[in-house]
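The values are calculated or read from the model by the stated rules, or taken from the named source; none is laboratory data. Just so you know, these numbers come straight off a predicted model, no measurement behind them. With ideal geometry, Cβ positions are generated from the backbone for all residues, glycine too; neighbour counts draw on all protein chains shown. The accessibility values were calculated without ligands, DNA or RNA, using every heavy atom of the protein model including side chains. Shrake-Rupley method; radii C 1.70, N 1.55, O 1.52, S 1.80 Å.
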Amino acid sequence: MKRKRYYNFKLDCFGASPLAMTPLRTVSLRAPSLVSLRAKRSNLVSSLRAGSCEAIPLLKFLYLNIALFIFLITLILFSNPQSAIAQDTLEKIKSSGEIVWGSDAEGGAPYIFPDPENPSRLIGFEVDLMDAIARELGIKQRQFQNSWDSLIPTLERGDIDIAINGIEITPARKEKVAFSNPYYIYTEQLVVRAKEERVKEASDLKGKKVGTLSGSAAQGILEGIGSVDIKIYSGQVEPYKDLSIGRLDAVLLDLPIAAYYAKPNPLLKFTGAPIGEGYYGIAMRKGDDRLKEEINKILERLFKSGEIKNIYEKWGLWNSSQERLISGFGIRDSGFKEPQFLPSESLRVLSFLPFLLKGALMTIIISVLSMILAVFLGLILVILRLYGSRILSILSTAYIEIYRGTPLLIQLYILYYGLPNIGITLNAFTAAVIGLGMNYAAYEAEIYRAGIEAIPKGQMEAALSLGMRRSLALQRIILPQAVKIAIPPVTNDFIALFKDSSLVSVIAMVELTKSYSILAVSSMKFFELGLITALLYFGMSYPLSLFARRLERRLKRGLS
Amino acid sequence: MIRITELHKYYSDFHLFKGLSIDVERGEVLVLIGPSGSGKSTFLRCINGLEIFQKGSILVDGGEIHGLAKERLSAFERDSIRKVRLKVGMVFQHFNLFPHKTALQNIIEAPVHVLGLDKKEAEERAMSLLKKVKLEGMKDMYPENLSGGEKQRVAIARALAMKPEAMLFDEPTSSLDPETVGEVLTIMKDLAGEGMTMVVATHEMKFAEDVADRAAVFDKGEIIETGIPEEIFKNPSKERTRAFLSRVLDR
């Protein structure tokens, strides 16, 4: 399996985004005339009036930034997360009387998910399993919530004692963490629409759109088939949803997921024999040998006693494959063959660059198109707001306030996953461009409004007194002056949009951030890849910010 | 030429004009004098449709603006105001030149885009007006590089380029350096000499005396007296006029 959500915290902790914004944010002073604009970027709007960035020469800024960057990198390199956890975890949990296990309840059924009858309670086969393990250890268990992709870094950081959440045992992961003996043998299940005739088995998938989860084993299998149009999702509900409305031709995911989400859906059906085979293991920090030994013993006991079988049967997960887990104990690790789905040999960081660059290109395309949309839609919005009839003015104001007052993420979800409910099905690319564009249009409209309102009233009056209609006066007199004022903050907004575009990864768009997380999750190279990704973002946005500042200075000279 | 009848103007609860009426003859130069805040500017802005008023009417050479009770105007109302504006030119205290256009571009903007003149014709007209305001050498200057007096002269040329029937001046010299006031007044005097109908709100008593045919004294939104400027200055009939004059003339 499976999934990730929202922002990748790794990107943030490298200091990438604050860094890129530094040259913009630190130079802005507030000009009194524009303080009223409460847009989140109001300080940027005002910076152009405030004549502030002249004070510090450009080069000095550059050096400052580089110095800051080097400082942050050094900080990260020398802080070894392992060193904080010297204590043996088994001793620690015994003395505290509690074992903390990391998992992602958002990932969903049947692993761990909120009880539909009582959403504050978590249920799932892994919850039952943890209850049994904790009981055998003679202590309590406590679930620690984090996004699935981040479970292993969280384990390394020491926030949790173990991670158990359908984590496949892979060579790449084994380099980072230790695994218990497998507690479940999973296979991948192909699901298609009920009426589908063309796709009968995995080899039919060539040229088809197939959904799967980020960093999952299924993704590796699909990549192995070749020329499959793979759509990467963050959650496990969405791919089946997109399959049933025709955005996808098939979905390949772990059998437990398919069993829970796809099987009850009359629009969908299983097809073909289960593909591949792999093991879920409990992840622990390397060096926690005593804990690992203890847990392996417990698993063995629970298998032998039939308790695990009961749990799996309760969740509809038991099949004959699992029998092998019972007989397999006693052989330990060596008895299990490694699943063959990940490109384990090509783990050199630079080999990921083409994939990242492809993501970067998508980021650029999405950003540019959505900015164009935002610039024009924003203009229409501000004209309606300031000069439209009463109704249009109210509508435009409402649009601006709603779009500024709700998270972009929610807007994207509604656009992509919500609209199909009323019969509008946008593809991911269109939804991404429209979603970002419509959101930023609200901000651009406010920037324009600040620009227009900064033009003295006398300008409109003079134009009107010469017999111009209001529309002509706007077009010939007001907007040309307002644009001069608006261009620098709009450019700054473009830089912000650049980075906000990473949010469209939630609607199955593979742009730079998504490319990063796909690679990082499968290779476990969060740090190196994060650094490269941050540099790519920085490399794209810094020239823009230099350009914005130059423009700002040039235009300021042009204003009387 | 301009007939104002029973003009009422409210600022929310404040009743500024309580039924103003006055006529301006063709070719007449009328000056509006009186203390600051007495309503001279507002009165001029009403004639040009820049301020709405609630009751009464303003007729300009057949075009008409009526009192309106609302803030947002209909397309028809806006259009009738525009017809009046095409007949009267307006000169503002703060010039309001378009900063992104040169002197010449300021002048040809409306003739080209409102009257539909072709550019060449508009430029010829503009050049002769620049000559008239003695700025032919400044045609390619941007407003930020002009002095106050020069800006105001360009603004006058800009208004004249629309060939208005009458000109409204809203304290045209009040924000000028003393040394440039004269050059603007000279232009205005020339204009009056050519027979232009003019309504001028001003504090320049000398100009009023020399150029104006008639003065109207404003106080608290009322016209308290009208007459030949010279006579009013010498022998005001109202105590409020006398008080105002003694304040300005003593300076």
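Structure above, values below:
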{"item": "Of residues in the stretch B:131-160 being of a type in the set (A, V, I, L, M, F, W, C) and over 19 Å from the mean Cα position of the chain (by Cα), the one nearest to the other protein chains (Cβ to nearest Cβ)", "result": "B:Leu146"}
{"item": "Residue match in the stretch A:394-412 (condition: within 14 Å of chain B (Cβ to nearest Cβ) and open to solvent by 40 Å² or more (accessible area, probe 1.4 Å))", "result": "yes"}
{"item": "Those residues of the stretch B:201-218 which are closer than 19 Å to B:Gly37 by Cα and open to solvent by 20 Å² or more (accessible area, probe 1.4 Å), in sequence order", "result": "B:His203, B:Glu204"}
{"item": "Residues located in the stretch A:477-497, provided they are under 26 Å from B:Val114 (Cα atoms) and of a type in the set (A, V, I, L, M)", "result": "A:Ile477, A:Ile478, A:Leu479, A:Ala482, A:Val483"}
{"item": "Answer residue from the stretch B:219-251, given it is over 16 Å from B:Ile22 (Cβ atoms) and of a type in the set (A, V, I, L, M) and is surrounded by the most Cβ atoms within 10 Å (Cβ to Cβ) among those", "result": "B:Leu245"}
{"item": "Those helices (runs of 4 or more DSSP H) lying entirely in the stretch A:443-518 with at least 3 residues away from every other protein chain (no Cβ under 14 Å), surrounded by 21 or more Cβ atoms within 10 Å (Cβ to Cβ) and at negative phi", "result": "A:479-500"}
{"item": "The listed residue being open to solvent by 60 Å² or more (accessible area, probe 1.4 Å) and either under 21 Å from A:Lys231 (Cα atoms) or not hydrophobic (A, V, I, L, M, F, W, C) (or both), out of A:Ile391, A:Ile372, A:Ile424", "result": "A:Ile424"}
{"item": "Answer residue from the stretch A:519-533, given it is in contact with a helix residue (DSSP H, G or I) (Cβ under 7 Å, 6 or more places away or on another chain) and over 16 Å from A:Thr154 (Cβ atoms) and is surrounded by the fewest Cβ atoms within 10 Å (Cβ to Cβ) among those", "result": "A:Glu528"}
{"item": "All strands (runs of 3 or more DSSP E) inside the stretch A:31-149 with 3 or more residues being among the hydrophobic types (A, V, I, L, M, F, W, C) and at pLDDT 70 or above", "result": "A:98-103"}
{"item": "The stretch B:120-130: number of residues that are over 22 Å from the mean Cα position of the chain (by Cα) and either within 14 Å of chain A (Cβ to nearest Cβ) or open to solvent by less than 80 Å² (accessible area, probe 1.4 Å) (or both)", "result": "3"}
{"item": "Within the stretch B:161-179, tally of residues that are within 13 Å of another protein chain (Cβ to nearest Cβ), farther than 24 Å from B:Thr42 by Cβ and not basic (Lys, Arg)", "result": "1"}
{"item": "Tabulated pairs, the stretch A:303-320, first within 14 Å of A:Tyr183 (Cβ to Cβ), second part of a helix (DSSP H, G or I) and open to solvent by 60 Å² or more (accessible area, probe 1.4 Å), C-beta under 7 angstrom, 6+ apart or interchain", "result": "A:Trp318/A:Lys309"}
{"item": "Residue satisfying all of: in the stretch A:180-231; aliphatic (A, V, I, L, M) and open to solvent by 10 Å² or more (accessible area, probe 1.4 Å); farthest from the chain's Cα centre (by Cα) among these", "result": "A:Ala194"}
